[in-house]
Structure formats: structure tokens, C-alpha cells
Amino acid sequence: MQLIGRNLSPFVRRTAIVLKLLELPYEQVGLSTADDTAEIAKINPVVRVPSLILDGGEILVDSNAIIDHLLEMGDPGHALLPASGAARRAVLRFAAIGHGVMEKSVASSYERNRRPKEKIFDGWVNQVDSQVTGGLVALNDAAAAGDWLYGDHLTLADVNAVVAHDFTAISAPYLVKDNPYPALAALSRRCGALPAFADTVFKPG
Ligand SMILES: N[C@@H](CCC(=O)N[C@@H](CS)C(=O)NCC(=O)O)C(=O)O
């Protein structure tokens with residue numbers, strides 16, 4: 001399998017982490033939406049990462065659709081996402097909040113970095129940033145309540161929360177200044193010691 005995209009993207013990184021946690025072999029093709037637009041367009045018509053090219057050539061797009069397939073194929077015991085019921089809904093809820101933080105952190109970064117300076121609208125940047133912090137507060141509260149966001153082991157909820165936290169620390173460091181989310185930061189440090197997380201930290205260059 002080929003994972004398309006760089007781990008700077010939180011959506012690519014969370015997909016890479018799930019691949020590693022499930023010990024599914026893959027090769028990563030580090031294309032960037034900013035620099036490799038034409039190549040990515042041949043893989044995903046919406047020109048976004050990640051995509052996953054399966055061994056037979058089938059192409060999956062969007063981290064949600066990709067991870068859905070990876071879990072179906074590689075997590076028969078439903079360790080990362082409970083099979084049904086209240087437990088599944090709870091993990092999906094936290095996972096969605098984490099995914100939402102990623103989306104709003106990326107949006108904030110685009111607003112601040114992809115416009116000419118005179119076209120940046122601070123009011124909208126502040127609105128988007130407040131959505132990021134709302135999500136981080138919720139994830140921090142959940143992280144403070146136990147060892148894992150849900151249950152007694154690592155799930156997709158923790159993967160998304162840690163990736164969302166780590167990406168915000170890179171893309172909007174002013175939002176995590178003075179350690180406002182200590183329980184989430186501690187979860188990030190603890191997960192960061194696991195190879196699936198450590199090996200997917202974005203390394204520029
Ligand atoms: N919902 C998608 C979001 C993917 C996404 O927005 N990826 C960003 C990179 S962080 C991207 O490709 N941005 C380019 C663009 O949207 O133009 C997912 O979960 O995979």
C-alpha cells in the first residue's frame with residue numbers, strides 16, 4: 001500500500017499512526033498539496049491528502065474513509081474502535097472532536113499563511129482559533145479524567161486527540177503557549193514514546 005502525503009498534515013499522520021498500530025505494511029510518498037499539485041490531482045481529483053493506494057491499484061481518499069478500511073481489514077478485535085453501542089459512539093465522538101480541531105487548525109493556518117497580509121481578516125482568524133481551543137478544552141477535560149480518553153486502552157480517540165494537539169503546537173504555537181492543556185500535553189508525551197507516534201513526527205527537509 002502507498003500512503004500519499006507528508007506527516008505535517010494531521011490527516012496523513014493519523015492515518016500513518018493507524019497503519020503502524022495495526023502493523024500494516026505501507027510505503028509513504030511524501031507529496032505536498034502546495035508543491036506537488038499536479039501529481040496529487042492524478043490521485044485525488046479534489047487535490048487533498050491523504051490518499052491510500054491499495055496493492056491492487058484501488059485509490060481511497062480522505063482519512064476517514066481510509067481509516068474505516070484499515071480498521072475493517074486490520075482490527076478484527078475492535079481495539080481502536082469498539083464494534084457497536086455506547087462505547088463506539090463515545091470513541092467516535094472524541095475522534096470527531098479531534099478531527100474537528102485538525103480541520104480548524106489547518107483552516108487557521110491557511111487563513112494566516114496563504115493570503116496576502118492585507119487580506120487577512122483577524123476577526124475570522126479569531127473565530128476559527130476559538131473553535132480550535134473549544135475542541136482542545138474538551139479533549140483536555142477528557143484526558144484529565146483517566147489514562148485514556150475512553151476505556152482502559154488506546155483508541156482512535158487518543159490518536160486523533162494527540163495528533164490534533166501536536167499539529168496545533170506546530171501550526172499555531174500561540175494557542176498552546178503556557179501549557180493550557182496539561183492533561184492533553186501529558187497524553188501526547190506518553191503516546192509520543194510509542195513507535196507509531198514517534199516514527200510519524202514530521203521532520204522537515
Ligand atoms: N477531511 C479530509 C481533510 C484532508 C485535508 O484537508 N488535507 C489537507 C492537508 S492538511 C489538504 O489536502 N489541503 C489542501 C486543500 O484542501 O486544498 C481528511 O480527513 O482526510
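The values are calculated or read from the model by the stated rules, or taken from the named source; none is laboratory data. What you are looking at is a predicted structure, and each value in this text was computed from that prediction instead of being measured. For neighbour counting, all protein chains shown are included, and Cβ atoms are generated from backbone atoms with ideal geometry for every residue, glycine included. Protein only, heavy atoms only, side chains kept; ligands, DNA and RNA dropped before computing areas. Shrake-Rupley method; radii C 1.70, N 1.55, O 1.52, S 1.80 Å.
Evaluated on the range 85-198, the Kirkwood hydrodynamic radius is 14.5 Å, with distances taken between all distinct Cα atoms.
Of the residues Thr33, Thr168, the one with the largest accessible area comes first in the ranking Thr33, Thr168, computed with a 1.4 Å probe on protein heavy atoms.
Given springs between every Cα pair under 10 Å in a Gaussian network model of the chain, which of Asp158, Asp178, Asp141 has the largest fluctuation? Highest fluctuation among the options: Asp178. Per-residue extension of 0.36 nm, minus the Cα-Cα distance of Tyr26 and Val137, leaves a gain of 36.6 nm for this segment. Note on the chain: the alpha carbon radius of gyration divided by the globular reference 2.2 N^0.38 Å gives 1.01. The H on the amide N of Leu8, modeled in the peptide plane, is under 5 Å from the matching H of no residue at least 5 residues off or on a different chain. Restricting attention to the range 1-159, close to 65% of DSSP beta bridges with both partner residues there are antiparallel. Simple rule: put +1 on each Lys or Arg Cβ and -1 on each Asp or Glu Cβ in the chain, find the dipole, and look at Val106, Val47, Ile4; the Cα lying farthest toward the positive end is Val106. Relative contact order, whole percent, for the chain stands at 23, derived from Cα pairs under 8 Å and 6 or more residues apart.
Taking a ≥ b ≥ c as the square roots of the eigenvalues of the Cα gyration tensor, the range 37-94 is classed as oblate, since a/c reaches at least 1.5 and a/b does not exceed b/c.
Using DSSP to call loops (not H, G, I, E or B), can you name the trypsin sites (Lys or Arg not before Pro) in the range 103-205 whose Cβ has at most 11 other Cβ atoms within 10 angstrom? Hits after loop and neighbour filter: Arg114, Lys177. Of all the options Val132, Val176, Val159, the one that moves most in a Gaussian network model of the chain with Cα springs shorter than 10 angstrom is Val176. Coupling constants for the range 2-18 follow from the phi torsions by the Karplus curve (6.51 cos²θ - 1.76 cosθ + 1.60, θ = phi - 60°), and in residue order they are 10, 9, 9, x, 9, 6, 4, 5, x, 6, 5, 4, 5, 5, 4, 4, 5 Hz; glycine and proline get x.
Normalised by residue count, the range 2-74 yields a Cα convex hull volume of 76 Å³ per residue.
Result for the chain in a Gaussian network model with C-alpha springs under 10 Å: among Glu27, Glu103, Glu118, the largest mean-square fluctuation is at Glu118. Solvent-accessible surface of the range 2-74, averaged per residue with a 1.4 angstrom probe and all protein chains in place: 48 square angstrom. The accessible area of Tyr110, taken with all protein chains in place and a 1.4 Å probe, comes to roughly 100 Å².
Starting at the first residue of the range 36-46, write each ³J(HN,Hα) from the Karplus equation 6.51 cos²θ - 1.76 cosθ + 1.60 with θ = phi - 60°, in whole Hz, x for Gly and Pro. With the stated coefficients, the range 36-46 comes to 10, 4, 5, 5, 5, 4, 6, 9, 10, x, 8 Hz. Surface composition of the range 1-76: carbon plus sulfur atoms hold 50% of the accessible area, using a 1.4 angstrom probe and ignoring ligands, DNA and RNA.
Taken per residue, the accessible surface of the range 85-198 reaches 49 Å², heavy atoms only and a 1.4 Å probe. Per residue, the chain reaches -18000 deg cm²/dmol at 222 nm when only DSSP H runs of four or more residues are counted, each adding -39500 (n - 2.57). Residues whose amide H falls under 5 Å from that of Ser51, counting only those 5 or more places apart or on a different chain, are Ile4, with hydrogens built in the peptide plane.
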